[in-house]
1. For region 1-97, take every pair of Cα atoms, bin their distances at 10 Å starting from 0, and report each bin as a whole percent.
2. ASN69 to ASN110: FRET efficiency via 1/(1 + (r/R0)^6), r the Cβ-Cβ distance, R0 30 Å, to the nearest 0.05?
3. Need one number: nm distance between label points at LEU77 and ALA123, each 7 Å from Cα along Cα→Cβ, rounded to one decimal.
4. Work out how much length SER84 to CYS103 would gain on full extension: take 0.36 nm times their residue separation and subtract the Cα-Cα distance, in nm to one decimal.
5. Amide H to amide H, which residues 5 or more places from GLU49 or on other chains are under 5 Å from it, using H placed in the peptide plane?
6. With +1 on each Lys and Arg Cβ and -1 on each Asp and Glu Cβ, how big is the dipole of region 1-97 about its Cα centre, in debye rounded to the nearest 20?
7. Can you list residues whose amide H is under 5 Å from THR83's amide H, if they're 5+ apart or on another chain and H is modeled 1.01 Å from N?
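Nothing in this text is a laboratory measurement; each read-out follows from the coordinates by a stated rule. These numbers come from a predicted model, not from an experiment. We place every Cβ from the backbone using ideal geometry, glycine too, and count neighbours over all the protein chains shown.
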Amino acid sequence: MPFPASGGGAYMRYTPKIIRFARHGCTNRPFFHIVVMEKRFNQHSQVIEQLGTYDPLGNQYNERLVALNFERVRHWLGRGADTSYPVAELLGLCGFFPIHPRCYMSAWRNRKAAETEAAAQEAKSEGQEKT
């Protein structure tokens with residue numbers, strides 16, 4: 001890495017930062033750290049700061065566990081850090097951002113699938129009653 005013309009310290013150019021998931025855990029058991037890192041690096045590169053954790057698989061009460069430091073999230077967003085789409089969705093569900101449109105679409109799809117499944121069950125039960 002080149003040194004600046006004035007001498008002294010290492011040349012540090014500005015690189016955009018992003019708040020994203022860094023996957024940890026095992027096969028078939030994902031666990032994510034919510035981290036700040038440079039945008040051009042992959043998820044296994046050096047992390048600037050860990051802001052929280054996210055466990056996408058439900059516990060015994062079918063709850064997905066999230067732990068976040070909102071003060072540090074606010075700090076990094078104030079310094080110009082961007083968020084990845086999955087983290088933006090999660091922050092929307094936490095109430096930090098407005099709810100992401102993708103969340104509305106997935107909820108609509110789930111309701112639609114439940115309605116069609118209920119209609120199929122009803123048609124099947126009516127068919128069994130007639131015979």
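1. Calculated over all Cα pairs of region 1-97, the distribution is 14, 42, 27, 12, 5, 1 percent.
2. In this case the efficiency is close to 0.50.
3. Placing both labels 7 Å along Cα→Cβ, they lie 4.5 nm apart.
4. Between SER84 and CYS103, full extension yields 5.4 nm more.
5. Long-range HN contacts for GLU49: VAL36.
6. On the way: 11 positive and 7 negative charges, 52 e Å.
It works out to roughly 260 debye.
7. Long-range HN contacts for THR83: ILE19.
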